[in-house]
Amino acid sequence: MTVTVRVPAKVNVQLAVGGARPDGFHDLANVFLAVGLYDEVTVTPSDSLRVTCSGPDAAQVPLDRTNLAARAAIALAARHGLSPDVHIHIAKDIPVAGGMAGGSADGAGALLACDTLWGTRSPADELLEICAGLGSDVPFSLVGGAALGTGRGENLTPLDVGGTFHWVFAVADGGLSTPAVYGEFDRLTAGTEVPPPVASAVLLDALRTGDATALAGALANDLQPAALSLRPSLAATLAAGTDAGALAGLVSGSGPTTAFLTKDAEAAESVAAALVASGTCRTARVAQSPAAGATVTGAVG
């Protein structure tokens with residue numbers, strides 16, 4: 001039997017970050033929005049656990065047991081007394097190390113695919129518990145749509161979205177390490193009182209009503225100064241996108257991908273073309289949100 005799961009990228013329309021906790025994590029108010037850029041994770045029975053990957057930037061994806069997809073298979077197998085003997089193939093289309101949760105998406109996709117392949121029929125809360133153990137963004141990759149993530153981002157509250165939002169994602173050369181960006185956030189905020197993270201009521205209302213202009217005015221990412229400190233060239237990308245007519249732009253998560261909200265699909269295509277022409281990014285991708293979470297798209301055999 002072969003099982004394929006499609007799983008989306010995400011953008012953080014708000015990422016409010018609290019001070020460092022004793023465990024090294026930060027409390028967050030993280031408003032996730034799944035977007036229509038997808039990886040596909042396919043699992044088939046194998047003599048041993050192995051991971052392969054194809055697509056853009058596939059060479060940057062680890063193929064050992066540190067890969068979140070492999071870790072997901074191992075965790076689910078351990079829950080049910082199974083051996084994680086599967087071949088996991090990742091068809092990669094989400095930018096790698098780009099702040100769009102591509103690795104987390106692969107973890108969620110592999111978890112759902114293995115649960116289907118093995119017939120373990122895990123309840124949703126068990127799958128979400130495993131996801132939370134894999135990483136802060138993995139639970140949202142499983143459920144998709146829109147949600148507020150609290151704690152370190154793993155505690156999810158679904159949010160209503162009243163319309164379709166149109167995005168352009170400018171993909172930078174190279175990645176940014178999430179731990180390094182949080183470390184820079186800690187350095188930049190050292191000696192200051194970092195307020196507790198709170199979701200913006202204005203932003204949540206803009207999502208609920210589908211008002212792109214209001215959402216643009218409320219976009220916020222507390223990690224953006226840290227990402228710009230580590231990668232100053234991102235400022236030119238942000239300027240190019242807004243100069244081209246985007247309603248607003250921000251660094252996506254820990255970066256270095258930058259996200260631009262536009263008024264409609266036509267504007268998105270125009271902004272994407274301008275960003276590529278500007279030479280400030282490697283490529284630009286157009287996508288809509290919200291998007292469904294991890295979804296089984298094929299089960300053969």
Across the stretch 21-34, in residue order, what do the Karplus-derived ³J(HN,Hα) couplings come to in whole Hz, using 6.51 cos²θ - 1.76 cosθ + 1.60 with θ = phi - 60° and x for Gly and Pro? 8, x, 7, x, 7, 10, 5, 10, 10, 10, 8, 8, 9, 6
Can you order the peptides 194-200, 182-188 by their average number of other Cβ atoms within 10 Å per residue, highest first? 182-188, 194-200
Report the calculated FRET efficiency for Ala78 and Thr157 (r = Cβ-Cβ distance, R0 = 35 Å), to the nearest 0.05. 0.75
Whole-angstrom Cα spans of the chain along principal axes, big to small: 53, 43, 35
Which value results when the Cα radius of gyration for the stretch 75-157 is divided by 2.2 N^0.38 Å? 1.09
FRET E, pair Val300, Thr66, Förster distance 22 Å, beta-carbon r, rounded to 0.05: 0.15
Tilt relative to the chain, helix 102-118 - C-alpha long axis, 0 to 90 degrees, to 10: 30
Rank by packing, highest mean first: peptides 250-263, 202-215, 28-41, with packing defined as the count of other Cβ atoms within 10 Å averaged across residues. 250-263, 28-41, 202-215
Give me the extension gain from Ala180 to Ala292: residue separation times 0.36 nm, minus the current Cα-Cα distance, reported in nm with one decimal. 37.3 nm
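With a 10 Å Cβ neighbour count serving as the proxy for reagent exposure, in which order, fewest first, do Trp167, Trp118 appear?
Details: Trp167 25, Trp118 20.
Result, fewest neighbours first: Trp118, Trp167.
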So, in nm, how far is label Ala214 from label Ala235 when the simple model puts each one 7 Å beyond its Cα toward the Cβ? 3.3
Once you place label points 7 Å from the Cα toward the Cβ at Ser200 and Asp173, how far apart are they in nm? 3.2
How big is the stretch 2-159 in terms of Cα radius of gyration and Dmax, in angstroms? 15.0, 46
Would you work out the relative contact order for the chain, in percent, from Cα pairs under 8 angstrom that are 6 or more residues apart? 27
Rounded if a/c is under 1.5, else prolate if a/b is larger than b/c, else oblate: which is the stretch 137-223, with a ≥ b ≥ c the root eigenvalues of its Cα gyration tensor? prolate
Expected 222 nm ellipticity per residue - DSSP helices of 4 or more, -39500 (n - 2.57), all of the chain, to 500: -10500 deg cm²/dmol
Rounded, prolate or oblate (a/c below 1.5 giving rounded, otherwise prolate when a/b exceeds b/c) for the stretch 165-289 by Cα gyration tensor: oblate
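Among 283-294, 45-56, how do they line up from the highest to the lowest mean number of other beta-carbon atoms within 10 Å?
Details: 283-294: 21.0, 45-56: 14.3.
Answer by packing, highest mean first, reads 283-294, 45-56.
Every number in this text was worked out from the coordinates using simple rules, so none of it is lab data. For clarity, every value in this text was computed on a predicted model and none was experimentally measured. Heads up, the Cβs are rebuilt from the backbone with ideal geometry, glycines too, and the neighbour counts pull from every protein chain shown.
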